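Chemist: Right, I'll just put the structure down here and ask away after.
The values are calculated or read from the model by the stated rules, or taken from the named source; none is laboratory data. Computed from a predicted structure; not experimentally measured. Note that we place each Cβ from the backbone using ideal geometry, even for glycine, and neighbour counts take in every protein chain shown. Calculation scope for accessible area: heavy atoms of the full protein, side chains included, ligands and nucleic acids excluded. Shrake-Rupley method; radii C 1.70, N 1.55, O 1.52, S 1.80 Å.
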Amino acid sequence: MKISYNWLSEYVSHGLSIAELTDALTLSGLEVEHIEQHDLSLDGVLVGQVRSVHPHPDADRLQLCNVDLGDGTPVQIVCGAPNVAPDQRVPVATVGSRLTINEKTIRIKKTKIRGQVSMGMICAEDELGISEDHHGIMVLAGSSTIGEPLKEYLLREQGLAADTTLDLAITPNRPDAVCHFGVARDLSALQNVQVTFPDVPIPPSGSEASNHIDISIQCPDVCSRYTAIIVRDVTVGPSPVWLKQRLEAVGLRSINNIVDVTNFVMYECGQPLHAFDYDRIAQKKIIVRESAEGETFVTLDRKQHILEEGMILICDGKEPVAIGGIMGGQNSEVGNTTTNILIESAWFDPTRIRRSSKVLGISTDASYRFERGVDPQRQPWAAMRTAMLIAELAGGKIVPGMVDMYPTPKPLATVDLRISRIRTILGIEIEHRRILQILESLGFAPRETAEGLVSCIIPTYRPDVNLEIDLIEEVARIHGLENIDLPEHTSLQLSAPRPRPADLLREHAHIHLTGHGFREIYTNSLLPDEVARQFSQAVLDSDDPPARTLNAVSRSMATLRPSLLPGMLMAMQRNANHSQRVLRFYEFGHVFHHSKRAAAFIENFSEYDVLLVGISGAIRPTNWDQDHQVADFFDLKGEVCQLLDALQFNALRMQPSYTATELTDYHITFYSGRTHIGVLAKLSGAIQEFFDLPDPVFFAEFNWTRLLLLHEKNPSQTYTRISPFPEMERDLSVSVDKSQAVGPMISTLRKVGQPLLRNVDVFDVYTGNQIPTDKKSIAFALRFGGNRTLRDEEIDRIINAIVNAFSEQFGATLRS
Amino acid sequence: MGTSLERLIATTEELSTEILRAQLDTPSNIEAFRIRFIGQKRGLITQLFKQIPHLPKEDRRTAGQVLNALRKKAQATLDSAHQKSVSDPVNLSEIDLTLPGRKNQWTGSRHPITLALSRITDIFHRMGFTIAEGPEMEDDWHNFTALNFPEDHPARDMQDTLFIDEKSPDQPRIMMRTHTSPVQIRTMMAEEPPFRLIAPGRVYRNETITYKSYCLFHQVEGLVVDEGITMADLKNTLYRFARAFFGEDVKLRYRSSFFPFTEPSAELDIWWNLPDHPDGGRWMEILGSGMVHPNVLEAVGLDPERYTGYAFGMGVERPAMLRYDIKDIRLFYENDVRFLAQF
């Protein structure tokens, strides 16, 4: 919302520079977002008198003017304006002066126009930056002095001066601050000075006016007040310069003296007004009603709208003439021939206006104010102020009286404020007198009803103030939050909170994964619906459908991710497109889906944390003595098992599956007991191709929420005494059928090797011409240890037991 | 087991000869020698030692002595070769110390948002705040009603908030949280005061993706509720945070503002130096804050006459963009390695 520095200063003598004013308003809650200066750069523009006007010999539309600039030597100026005439006083941009027209600076030079010398330029208002008026040259009053700088004349005669526009961000709790009065009121409280608002004699309701217009409100819930005043015999025409300048300062275009006044009063007091052509109001009746579904209406801007049910319609005896609070209609618009004016000043329901404005896609200065809530007591004042200004500027006569329909006046609320509570909330002491001053300046009429108790009457322009805390906020913001001193000591309860296991575990995972060369990524939680459905079973152990959104702005963000995998594949694709050979990523994030199980948070939905790790491409950087090697399944399996080991998840069961799915060629599922924890898989070739990835992709996705539950159940770790006795190593090489899986053999090893077997590594898997074609040789490196010196015999016994078990379970034979 | 002392001694002699004849004139054949004879795992002498337990008891001692002597010999040969190779300029010329070091692992990295989030939460953690979390999918009550948003507040509009299809004909009730403030509500409902918590997390806006807006971003929420908490405490905490985060000499401004769930409400601005700016810089809003509104305390069953508190919330992407001079918010979610590698 824009306000003008000069305009504001009319109501309150604040004594602040623009910078000081900006600071004061911003700190107290009316944030100045933008400052725009309007200079009157009129150096070298003088008042001249037109001596004579002759047609240009070689151009029909141009005239040769002889202009006196007060220095005794009249000059010739070529002028194209139709309204130039002898004896006029006009602004002349003399040779050497500069004008800014349409944001371009022009230097005025001595020039020849179609062969005739021109020694300057006679200016229109827009060329001087006074208004946007370009109807013709500006004609000055006789009180001007020939040869005086135009700037001096404008300031003296029209109060026109350079101005500054402050663009304020108005928070939704301040409907009172969308006008100059409201800002002035804050300023008076901030500076502890008086405000002076124009004195407007409010006519009694009824009287002659009621003979000329009949008003009925059929929907008092959404139009609780409707005030009308009639002005007769006006002459519609251009507005005076001061009014144009005021409107321009707040970013409005001058239309005519009637419309301009309604806009001026709205920016002055916050009450939107509408001027109807009284003679176009059928049967001299105004009926306020709600629209029916499908009604149509043509607004001022010549657009036809199809209305929804429940919009506020202002109708005459025949048809709608305005959409209340939003925009007037073409059928009752004030035009150049209008002579009688009906001024509307009403209160419309904020919620209803907001909805209508949105449905219609029309946002106006009026709707902006009604949406926030206008003061329900301002209507008569605003209507009369408008009528008086119209009568003054357009020469009309106000019909005595007014029609003020206000069936159910809103009662004034009272709120009590405990002075001690201010300290309780703010933590600082504010002088008693200053508290009362602030409340008084803001219009709360404070009255001390008991020791330390102040009773405030809430003005109707502050519907946001209902509670004691609201009054405390008023005191705080005017007193200034900058004035809250920082305490050197506080009485906060001492606490050194324990880090949560969840945070420690995640931190551990971050350290491990980044140390292992993985880069963390953040991907969008929203996916196209078909992608979400396709990937919904990547980590889930159920076929619950993904959670769709109701109103996403785009199809590509229609459904919440049920897995982090698609996001990572998109990131891999993007990087592969930019020739990145190494793709090693991880992401922590929430996934979502429908669920019939008992919900932790939201009924019928499940949301949990997931960790995804993925690799594709080179396993290590290029070195001068190592070959380039592309990652395979066991690279990721190694990483994942090391991570799980590091995080002490050592009791997970792995279930391999050699069956391809839509997403994977093969995979391992991780379980804790019967609980599904995650998967480790090779992405299917089809999907790899779909994402244009050059190398095979391997990923592991874990339900982090479940891992965390396991972690919390893990017994707290204690130190295991380091054995001072040497460990013994043995290698064991066996031959088995080629199809024999190694995993179960390791399990057997571990079981039979108890309790002395400390570690098992597989150091060779061999097939080839040394052994039969249907066999493979597997070499294990075993390490034994105990709390004593081990004897060879006992290790031999264990090895024998292992060999027997291998032979029995897997048909394995010992290789010598 | 087919192993006899004689065979072992015969092998020892063969090896002994081989050790004597070994050519040890380059670093690589010195290393090959070491691996062949005394390598930890499969060095020939190491292997022979492993055979000792399989010998008859009475031979083991002799075998041990023979093998120890052999190992000594191998070690001595190796040592002298090493020494020679270090002192011999001819051998040194075969090492190129300027070759790049061998990289056995890629470099990993944390995402800049994780880094920013932990920098923020760490500071509050040091001030005694605990970390709390909540779901990203929320209901209307936690996201709006309990936080004192009026029934017709614009934030409840379809335009701004991403609602979830519940397959029910009623008004939409489930949404992606628009701020981390519902964590305040969940925590206050579940536990007893005093509260001093910080809640980092992802929040959503129903917005088109452009260089300056994304459909989601990250926030950190703070909440303190106890007896006797004041706005002076709030300002103190925030100023101390800002100085820890942006530097001790940061210029700060605390100005009145409005949020439905706090009153009085205020925003904290920092002065950001911009050499090209006509004013030499400008104020940038970094967080919103205020005293917890009595209606919020009542909604979670706390007596506002007994308890007071404050809350604050800040975005993570904006300050990070400011700090790193990132002009396009989408970079955070595109995960280009060339971007990630910079943090």
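Chemist: Suppose we filter A:650, A:575 for residues that are within 27 Å of residue A:531 (Cβ to Cβ) and either part of a helix (DSSP H, G or I) or more than 10 Å from chain B (Cβ to nearest Cβ) (or both); which single one remains?
Modeler: Exactly one residue qualifies, and that residue is A:575.
Chemist: Residue A:189 - would you say it is surrounded by 19 or more Cβ atoms within 10 Å (Cβ to Cβ), touching a residue at least 60 places away in the same chain (Cβ under 8 Å) and in a strand (DSSP E or B)?
Modeler: Criteria not met by residue A:189.
Chemist: Name the pairs whose Cβ atoms lie under 7 Å apart, with the first residue in the stretch A:604-628 and more than 9 Å from chain B (Cβ to nearest Cβ), the second small (Gly, Ala, Ser) and in a strand (DSSP E or B), and 6 or more positions between them or separate chains?
Modeler: A:610/A:589; A:613/A:700; A:628/A:618
Chemist: Among the residues of the stretch A:440-459, is any within 14 Å of chain B (Cβ to nearest Cβ) and part of a helix (DSSP H, G or I)?
Modeler: Checked the stretch A:440-459: no residue is within 14 Å of chain B (Cβ to nearest Cβ) and part of a helix (DSSP H, G or I).
Chemist: Related question: Consider the stretch B:269-279. How many of its residues are within 12 Å of another protein chain (Cβ to nearest Cβ) and within 19 Å of residue A:482 (Cα to Cα)?
Modeler: 1
Chemist: Continuing with the same structure: Checking residue B:143 against (1) at pLDDT 90 or above; (2) open to solvent by less than 40 Å² (accessible area, probe 1.4 Å); (3) farther than 16 Å from residue B:184 by Cβ; (4) more than 7 Å from every other protein chain (Cβ to nearest Cβ): exactly one of these is not met. Which one?
Modeler: (3)
Chemist: Then there's this: Take the stretch A:766-787 and flag every residue that is within 13 Å of residue A:731 (Cα to Cα) and open to solvent by 80 Å² or more (accessible area, probe 1.4 Å).
Modeler: Correct list: A:783 only.
Chemist: On to the next question. Under 6 Å by Cβ, and 6 or more places apart or on different chains, what pairs join a residue from the stretch B:325-342 that is at the interface with another protein chain (Cβ under 7 Å from one of its Cβ atoms) with one that is crowded, with 18+ Cβ neighbours inside 10 Å and charged (D, E, K, R)?
Modeler: What qualifies is B:340/A:519.
Chemist: Step by step: first the residues of the stretch A:269-291, then only those that are within 34 Å of the chain's Cα centre (by Cα) and not in a strand (DSSP E or B), then the one that is surrounded by the most Cβ atoms within 10 Å (Cβ to Cβ). Which residue is that?
Modeler: The residue in question is A:271.
Chemist: Further question on the same structure: Which members of the stretch A:123-158 meet the condition of being open to solvent by 30 Å² or more (accessible area, probe 1.4 Å) and at positive phi?
Modeler: A:129
Chemist: Within the stretch A:86-122, restricting attention to residues that are within 20 Å of residue A:59 (Cβ to Cβ) and not in a strand (DSSP E or B), which residue is most open to solvent (accessible area, probe 1.4 Å)?
Modeler: Top of the filtered list is A:114.
Chemist: Considering A:467, A:471, A:513, which residue is closer than 30 Å to residue B:293 by Cβ and within 8 Å of chain B (Cβ to nearest Cβ)?
Modeler: One residue alone meets the criteria, A:467.
Chemist: Still on this structure: Looking at this structure, is residue A:482 free of Cβ contacts under 8 Å to residues at least 60 places away in the same chain, of a type in the set (D, E, K, R) and outside any loop (DSSP other than H, G, I, E, B)?
Modeler: Answer is no for this residue.
Chemist: Exactly one of these conditions fails for residue A:46: (1) within 14 Å of chain B (Cβ to nearest Cβ); (2) at pLDDT 90 or above; (3) in contact with a helix residue (DSSP H, G or I) (Cβ under 9 Å, 6 or more places away or on another chain). Give me its number.
Modeler: So the condition that residue A:46 fails would be (1).
Chemist: Here is a list of conditions, (1) at pLDDT 85 or above; (2) within 11 Å of chain A (Cβ to nearest Cβ); (3) within 22 Å of residue B:29 (Cα to Cα), and residue B:96 meets all of them except one; can you say which number that is?
Modeler: Status for residue B:96: all satisfied but (1).
Chemist: Among the residues of the stretch A:313-372, which ones are open to solvent by 30 Å² or more (accessible area, probe 1.4 Å), closer than 19 Å to residue A:229 by Cβ and among the β-branched types (Val, Ile, Thr)?
Modeler: The one that is open to solvent by 30 Å² or more (accessible area, probe 1.4 Å), closer than 19 Å to residue A:229 by Cβ and among the β-branched types (Val, Ile, Thr): A:339.
Chemist: Let me ask something else. Give, as residue ranges, the strands (runs of 3 or more DSSP E) completely inside the stretch B:161-268 that count at least 3 residues that are within 7 Å of another protein chain (Cβ to nearest Cβ).
Modeler: Once the strands (runs of 3 or more DSSP E) in the stretch B:161-268 are filtered for at least 3 residues that are within 7 Å of another protein chain (Cβ to nearest Cβ), what remains is B:252-259.
Residues checked against (1) open to solvent by 80 Å² or more (accessible area, probe 1.4 Å); (2) in contact (Cβ under 8 Å) with a residue 12 or more places away in the chain; (3) touching a Ser or Thr at 6+ places or on another chain (Cβ under 6 Å); (4) small (Gly, Ala, Ser):
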position: A:642; (1), (2), (3), (4): yes, yes, no, no
position: A:645; (1), (2), (3), (4): yes, no, no, no
position: A:652; (1), (2), (3), (4): no, yes, yes, no
position: A:667; (1), (2), (3), (4): no, yes, yes, no
position: A:671; (1), (2), (3), (4): no, yes, no, no
position: A:689; (1), (2), (3), (4): yes, no, no, no
position: A:704; (1), (2), (3), (4): no, yes, no, no
position: A:729; (1), (2), (3), (4): no, yes, no, no
position: A:753; (1), (2), (3), (4): no, yes, no, yes
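Chemist: State whether the residues of the stretch B:201-219 include one that is among the hydrophobic types (A, V, I, L, M, F, W, C) and buried (at least 24 other Cβ atoms within 10 Å of the Cβ).
Modeler: no
Chemist: While we're on this one: Step by step: first the residues of the stretch A:460-479, then only those that are in contact with a helix residue (DSSP H, G or I) (Cβ under 8 Å, 6 or more places away or on another chain) and not in a helix (DSSP H, G or I), then the one that is surrounded by the fewest Cβ atoms within 10 Å (Cβ to Cβ). Which residue is that?
Modeler: Within the stretch A:460-479, the match that is surrounded by the fewest Cβ atoms within 10 Å (Cβ to Cβ) is A:467.
Chemist: Please tell me if residue B:190 is buried (at least 16 other Cβ atoms within 10 Å of the Cβ) and under 20 Å from residue B:225 (Cβ atoms).
Modeler: So residue B:190 fails the test.
Chemist: Quick check, is residue A:75 in contact (Cβ under 8 Å) with a residue 24 or more places away in the chain and either surrounded by fewer than 18 Cβ atoms within 10 Å (Cβ to Cβ) or among the polar types (S, T, N, Q) (or both)?
Modeler: Answer is no for this residue.
Chemist: To continue, here is another question. Identify, by number, the condition in (1) more than 19 Å from residue A:564 (Cβ to Cβ); (2) within 8 Å of chain B (Cβ to nearest Cβ); (3) outside any loop (DSSP other than H, G, I, E, B) that residue A:496 doesn't meet.
Modeler: (3)
Chemist: Further, regarding this structure: Tell me whether the stretch A:328-340 contains one or more residues that are out of contact with any strand residue (DSSP E or B) (no Cβ under 7 Å at 6 or more places or on another chain), acidic (Asp, Glu) and in a loop (DSSP other than H, G, I, E, B).
Modeler: no
Chemist: How many residues are more than 7 Å from chain B (Cβ to nearest Cβ), outside any loop (DSSP other than H, G, I, E, B) and open to solvent by 10 Å² or more (accessible area, probe 1.4 Å) when one looks only at the stretch A:536-566?
Modeler: Matching residues across the stretch A:536-566 total 2.
Chemist: If you don't mind, there's one more thing I want to ask. Give A:441, A:420 a once-over and let me know the one that is open to solvent by 60 Å² or more (accessible area, probe 1.4 Å), out of contact with any strand residue (DSSP E or B) (no Cβ under 7 Å at 6 or more places or on another chain), of a type outside the set (A, V, I, L, M, F, W, C) and touching a residue at least 12 places away in the same chain (Cβ under 8 Å).
Modeler: A:420
Chemist: Criterion first (in contact with a helix residue (DSSP H, G or I) (Cβ under 9 Å, 6 or more places away or on another chain) and either touching a residue at least 12 places away in the same chain (Cβ under 8 Å) or open to solvent by less than 60 Å² (accessible area, probe 1.4 Å) (or both)) does residue A:56 satisfy it?
Modeler: Here the answer is no, as residue A:56 does not meet what is asked.
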